[in-house]
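Chemist: Have a look at this one before I ask anything.
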Amino acid sequence: MEKDKTVIVKKVIVAAMTILIIAYIISVVLKANFTQVKTETANIMTVSDAIPVSGYFIRDEHLVTYDGDGVISYTVEDGSKISKNEATAYVYSNAESATDKRTIDKLEAQITSLQQLDKTSDMITALPDDIDKNINSLLSEVKLNTADRNFTEAEKDTDDILYNINERQLVTGKVNGFSEKIKQLQNQVNELKKNYADTKNSKAVKSPATGYFVSSADGYENIYTTEDVENIMPGDLSDDKIKKKSVDKEVIGKTIEGVYWYIACEVSADDAIRLKNAAELSVDIPLVSSGNIGVELYSVNQETKTSDAVVILKGDYMNSEMAGIRQEDISIVLHTYKGIYVSKNAIHEEQITETVTDKNGKTKTETNTVTGVYIMVGNELQFKQIKVLYSGEDFVICKQDMTDEDMVTDEVGILKAYDDVIVEGANLYDGKIINRSS
């Protein structure tokens, strides 16, 4: 009887221990599987270290005037280069004559292009595939120039595309020549010229200087010129100092003389130092271009080294918007960083111990503080080290391809683009198995 009781007690103890072990295992599994985390993809991003400013654009500008009757028809687009005494516009007696002249010029340009192809058709060696590549390249140029608002260049690219299409027709034998098309276009020109009375009587309005033409004036011309830029001080860009002038009705545009323009920007003393130390500068002007525009630091005007300053930036990029802009909110870009975007919430510092060998061959353990993030690989957490290139308010940009010199330790891998980064979660450690939430 006693023996049976002993056996029963042992069975009860074993059962209880088994239950405790199972309960412990279940608790561990449940704790692992129901640990909640939130992740974000480590995307590639480009950010700029920039100073937002109000920029005042300074150029040497000459007004173009015409005092008389008639209809003005411009011969050049805004932002186009023009030579001294070159016609900026012609004046016609009526709008119909102005329209006819523009149409005649366009048709005659097409005729010249087709005649050139006819003359050189026997010497064309380009293959259809080569011409197709040219057309695709020109289409890309049209897209870029349109995005950058270089509409004059975009129109030239369009003309070149038409030329290539006509050339392809010759190469592939779709046409033997363009004599019939030239004849049709010439007949249209002749018909227009019959009713075009102002061929010889139109008046040319010429540019007073060599530079870039703009078909308008804003009243701020030559308040400051390029000779003034080194003397503009803080306060000189206020509304009290810069007052708009009335534009006479005789003004039909202006010529911006020379190649360079300047931007005057008032900045703090600290920002002036940053600009002085910058290796390379550019400006972000969304109204003018989709990309940054390269500039050089021309002058820093301040009373003392610790006072606010007016910085003068010098550039030469030109399109129709740049030619017409006067005062605009812009950003001076000191540096552009491209790398892996990581939320600051995801960054951790861990103590990593490793065994190292010194120059004498002796081994020792060494502990380093490693900055990194936890990423998901399947359902497992892995710690990856990072190298911060730029720190924003709530994010950092990390280096994409870390070298051996960038790494603190070989014991930990590095963050890669498109890794799944943990941005929220508790009790994180390398090798932990978890179940993540969306």
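The values are calculated or read from the model by the stated rules, or taken from the named source; none is laboratory data. These figures come from a predicted structure and were not determined experimentally. Cβ atoms come from the backbone with ideal geometry, glycine included; neighbour counts cover every protein chain shown. Note: areas computed on protein heavy atoms with side chains; ligands, DNA, RNA excluded. Shrake-Rupley method; radii C 1.70, N 1.55, O 1.52, S 1.80 Å.
Chemist: Please list, ordered by first then second residue, the pairs with beta carbon atoms under 8 Å, 6 or more apart or interchain, first in segment 70-90 and free of Cβ contacts under 8 Å to residues at least 24 places away in the same chain, second open to solvent by 60 Å² or more (accessible area, probe 1.4 Å).
Modeler: Thr75/Tyr90
Chemist: Every residue in segment 234-254 that is under 12 Å from Tyr56 (Cβ atoms) and in contact with a strand residue (DSSP E or B) (Cβ under 6 Å, 6 or more places away or on another chain), please.
Modeler: Leu237
Matching residues to (1) assigned to a loop (DSSP other than H, G, I, E, B); (2) of a type in the set (S, T, N, Q); (3) closer than 26 Å to Asp69 by Cα; (4) open to solvent by less than 30 Å² (accessible area, probe 1.4 Å):
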| position | (1), (2), (3), (4) |
| --- | --- |
| Ser216 | yes, yes, yes, no |
| Ser238 | yes, yes, no, no |
| Lys243 | yes, no, no, no |
| Glu257 | no, no, no, no |
| Lys276 | no, no, no, no |
| Ser282 | no, yes, no, yes |
| Pro286 | yes, no, no, no |
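Chemist: Within segment 89-105, which residues are closer than 22 Å to Asn187 by Cα and among the polar types (S, T, N, Q)?
Modeler: Ser97, Thr99, Thr103
Chemist: Return yes when Ala272 is surrounded by 19 or more Cβ atoms within 10 Å (Cβ to Cβ) and either modelled with pLDDT of 95 or more or not charged (D, E, K, R) (or both) and no when it is not.
Modeler: Judged against the criteria, Ala272 is a match.
Chemist: Please specify each residue of segment 288-299 satisfying the condition of being part of a loop (DSSP other than H, G, I, E, B), touching a helix residue (DSSP H, G or I) at 6+ places or on another chain (Cβ under 7 Å) and open to solvent by 10 Å² or more (accessible area, probe 1.4 Å).
Modeler: Result: Ser290, single match.
Chemist: Another question about this same structure. Restricting attention to segment 131-149, does a residue exist that is outside any helix (DSSP H, G or I), farther than 30 Å from Ile293 by Cβ and within 41 Å of the chain's Cα centre (by Cα)?
Modeler: Among the residues of segment 131-149, not one is outside any helix (DSSP H, G or I), farther than 30 Å from Ile293 by Cβ and within 41 Å of the chain's Cα centre (by Cα), which makes the answer no.
Chemist: Out of everything in segment 167-181 that is under 13 Å from Thr112 (Cα atoms) and surrounded by fewer than 18 Cβ atoms within 10 Å (Cβ to Cβ), what residue ends up being farthest from the chain's Cα centre (by Cα)?
Modeler: The selected residue is Ser179.
Chemist: Further question: Among all residue pairs at least 6 apart or on different chains, which show Cβ distances below 6 Å where the first residue, located in segment 138-155, is at pLDDT 75 or above and of a type in the set (Asp, Glu) and the second is open to solvent by less than 30 Å² (accessible area, probe 1.4 Å) and not in a loop (DSSP other than H, G, I, E, B)?
Modeler: Partner pairs satisfying both residue conditions: Glu141/Asp157; Glu153/Asn145.
Chemist: Do we have Thr99 as among the hydroxyl-bearing types (Ser, Thr, Tyr), touching a residue at least 60 places away in the same chain (Cβ under 8 Å) and under 30 Å from Val251 (Cβ atoms) here?
Modeler: When the stated conditions are applied, Thr99 does not pass them.
Chemist: Inspect all residues belonging to segment 398-421 and state whether any of them is open to solvent by less than 30 Å² (accessible area, probe 1.4 Å) and touching a Ser or Thr at 6+ places or on another chain (Cβ under 7 Å).
Modeler: Looking for residues that are open to solvent by less than 30 Å² (accessible area, probe 1.4 Å) and touching a Ser or Thr at 6+ places or on another chain (Cβ under 7 Å), one finds at least one in segment 398-421, hence yes.
Chemist: Scan segment 349-365 for residues that are open to solvent by less than 70 Å² (accessible area, probe 1.4 Å) and at pLDDT 85 or above and jot them down. So that I can check it myself, show each step before the final result.
Modeler: We begin by selecting, within segment 349-365, every residue open to solvent by less than 70 Å² (accessible area, probe 1.4 Å); these are 350, 352, 354, 356, 358, 361.
Of everything in segment 349-365, those that are open to solvent by less than 70 Å² (accessible area, probe 1.4 Å) and at pLDDT 85 or above turn out to be Glu350, Ile352.
Chemist: Shifting gears a bit: Looking at segment 165-189 only, could you name the residues that are of a type in the set (S, T, N, Q) and either at positive phi or at pLDDT 85 or above (or both)?
Modeler: Of everything in segment 165-189, those that are of a type in the set (S, T, N, Q) and either at positive phi or at pLDDT 85 or above (or both) turn out to be Gln184, Gln186, Asn187, Gln188.
Chemist: Scanning segment 38-59 for residues that are of a type outside the set (A, V, I, L, M, F, W, C), under 29 Å from Thr225 (Cα atoms) and in contact with a Phe, Trp or Tyr (Cβ under 9 Å, 6 or more places away or on another chain), which turns out surrounded by the fewest Cβ atoms within 10 Å (Cβ to Cβ)?
Modeler: So the residue we want is Tyr56.
Chemist: If you don't mind, another one. Is there a residue being loosely packed, with under 11 Cβ neighbours inside 10 Å and either assigned to a loop (DSSP other than H, G, I, E, B) or polar (S, T, N, Q) (or both) anywhere in segment 381-388? Reasoning before the result, please.
Modeler: Here is the first cut: in segment 381-388, the residues loosely packed, with under 11 Cβ neighbours inside 10 Å are none.
Checking segment 381-388: not a single residue is loosely packed, with under 11 Cβ neighbours inside 10 Å and either assigned to a loop (DSSP other than H, G, I, E, B) or polar (S, T, N, Q) (or both).
Chemist: In segment 127-148, what residues are more than 28 Å from Gly173 (Cα to Cα) and open to solvent by 90 Å² or more (accessible area, probe 1.4 Å)? I'd like the intermediate steps shown before the answer.
Modeler: If we filter segment 127-148 for residues that are more than 28 Å from Gly173 (Cα to Cα), which is where we start, we get 143-148.
Within segment 127-148, Lys143, Leu144 meet the criteria.
Chemist: For the condition closer than 30 Å to Leu428 by Cβ and of a type in the set (Ser, Thr, Tyr), what is the one hit in Thr304, Thr355?
Modeler: None of the others qualify; the one that does is Thr355.
Chemist: A further question follows. For residues that are free of Cβ contacts under 8 Å to residues at least 24 places away in the same chain and crowded, with 21+ Cβ neighbours inside 10 Å, tally how many sit in segment 300-336. Lay out the reasoning, then the answer.
Modeler: Step one: list which residues in segment 300-336 are free of Cβ contacts under 8 Å to residues at least 24 places away in the same chain, which gives 304.
Narrowing further to those that are crowded, with 21+ Cβ neighbours inside 10 Å: none.
Residues that pass the stated criteria total 0.
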